[in-house]
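The values are calculated or read from the model by the stated rules, or taken from the named source; none is laboratory data. Just so it is clear, the structure is predicted and the values come from calculations on it, not from any experiment. Don't worry about glycine lacking a Cβ; one is built from the backbone with ideal geometry, like all the others, and counts go over all protein chains shown.
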Amino acid sequence: MHKNVVLCVKKKDMMRRMIQFCLFFACVLIIASCGSKNKQGKVLQQPNPVATETQVENPKTAENGKEQKKEAPNKTSKKVEEKKPVEKPAFRANLPKAPREFRAAWVATVANINWPSKNNLSTEQQKQEAIRLLDLLKDNNFNAVIFQVRPSADALYKSDLEPWSYFLTGTTGKAPSPYYDPLEFWVEEAHKRGLELHVWLNPYRAHHSNGGQVTSESMVRRSGDNVLRLRNGMYWFDPSSQKTQDHASAVVRDIVKRYDIDGVHFDDYFYPYATYNGGADFPDDKTWGEYRRSGGSLSRPDWRRDNVNKFIKRVYAEIKAEKPFVKFGLSPFGIWKPGYPAGITGSSQYDELYADAKLWLNEGWIDYFTPQLYWPIDPPRQSFTALLKWWQSENKHNRHLWPGLNTVEVRAANRAEEIRRQIAVTRKVVPNSVGAVHWSIAGLTKNPVLLKSLHEGLYSQKALVPASPWLPANPILKPTLLLTNQSSSLFVKWLHKQPEQVFKWVAYARYGDTWDMQIFDAPQTEWSVPKTKYGHKLNAVAIKPIDRLGNEGDYAGEEVE
């Protein structure tokens, strides 16, 4: 039994030692685990290396358990700022100015003078003739065409106010077949070629003696006693009649509203020339009598001039109310009165046509003024130069003064030389707004010597139409350039967020210190530029937008390495 007791005690002692060992080992593990946690806590408490400020702990406040205050940043710590992309500065350069000059030609439809050549052509033939004329202007660096759309109270366009023109189809009131709208076609094709299109109307002529029979479709029949017959077979609206003024005004507004034109143009026909009525006075006794009975006190000539003055002022205002960018131009007879300037003789628009064009220019009721200066430079009695200088002296509002040149038949031994001299004179007399209008396009189509001399000389470079700063305009957005290197050239492409703003582009390329410049029409938006020229490498390009009024927008440009 004693032996058994001893064995039992020994077993209990071994178990106690094993329990103690396990407890010791467990304590070691616990202590090791706590040490590891302390080390990890210290790492997490280290300051953030990208912090912009450090906090310095005040031991006293820490001991007191009070809230610690931030002190000024440690001067030894560095601030780490976010890096922003560096924007490339906009390209700036002293770009040369593009040449500016209004270069236009009249295209007369009355009596089939210029277009269509006959009044029985097919639609396709009419279109082909129009394209040839427009191509001629574009190819010879013209920038505008003045197209006659209302020769005698008729229409070369779709109108609800007046009949289709006899000069278009050979029958008053008959539409072209196959159908098309000639004015719409001319506008579209002109703009494709970078040409402004101005519609030319005669406000008072109701029927031309070459316009076929007066039919029920004619405005002569539809207007009653508002139309008067002259001795040469023509019919004329009475300019003093309110019905005349209202109707003609409505015709102008209708065209301006519906067509994308650049200008409205009246020529020299107001009251008719005396020869149209065999030298007799204009037959407006009825309306003159009504004016006198209503208490009117003006003389008959002043009353007639007042009728026209009011109409011109009204038309200008109504055009601007509809589309402010559409220009209004007039081409009156070149002499206001004999003796203005001194030494000038000839007919008087003031007394014969009752057109006080000097007043219209003085008052600024027009945007451009094109007196028909159809005489040579040298003869003193109707000197081109003297008359142009006089009209410029009357240009109180600095409107465009673009004289009409008699390119068809100016009386000179060398017609081509005379026209060149007149253009040169115009550039000197009116240097800030140069321009001329050629009567008519036949003077160019039928005189290849003259056309060639202009193309190789005074019109050898393209030109922008002079701007009209008195007309309102919207800012033009800047284009975006895209450049692609090629083996021997740089391919330049440009984009515009509002392409309808742009009528022309001026493109620049710089070689050394020399700028090359080209004028492109709005549809063109790319350009292959040689990398070397004039013995220098290409080092910069730029593109500038021009709006339909000739205003310049900001350019986009880049240096080229």
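Yes/no per residue for (1) more than 27 Å from Asn395 (Cβ to Cβ); (2) assigned to a helix (DSSP H, G or I):
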site	(1), (2)
Ala416	yes, yes
Gln422	no, yes
Ser433	no, no
Leu444	yes, yes
Leu451	yes, yes
Per the list (1) under 26 Å from Gly457 (Cα atoms); (2) in contact (Cβ under 8 Å) with a residue 12 or more places away in the chain; (3) under 33 Å from the mean Cα position of the chain (by Cα), residue check on Ile377 breaks on (3)
In segment 350-374, how many are at negative phi, buried (at least 22 other Cβ atoms within 10 Å of the Cβ) and over 33 Å from the mean Cα position of the chain (by Cα)?
1
Considering every residue within segment 250-265, establish whether at least one is more than 23 Å from Glu184 (Cα to Cα) and either touching a strand residue (DSSP E or B) at 6+ places or on another chain (Cβ under 7 Å) or assigned to a strand (DSSP E or B) (or both).
no
Counting only residues that are touching a helix residue (DSSP H, G or I) at 6+ places or on another chain (Cβ under 7 Å) and not polar (S, T, N, Q), segment 122-160 contains a total of 14
Per-region count, segment 442-499, residues basic (Lys, Arg) and farther than 28 Å from Ala104 by Cβ
3
Flag for Lys118 being exposed (fewer than 14 other Cβ atoms within 10 Å of the Cβ), assigned by TED's automatic domain parsing to the domain that holds Leu228, assigned to a loop (DSSP other than H, G, I, E, B) and at negative phi:
yes
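Gly329: part of a loop (DSSP other than H, G, I, E, B) and of a type outside the set (D, E, K, R), yes or no?
no
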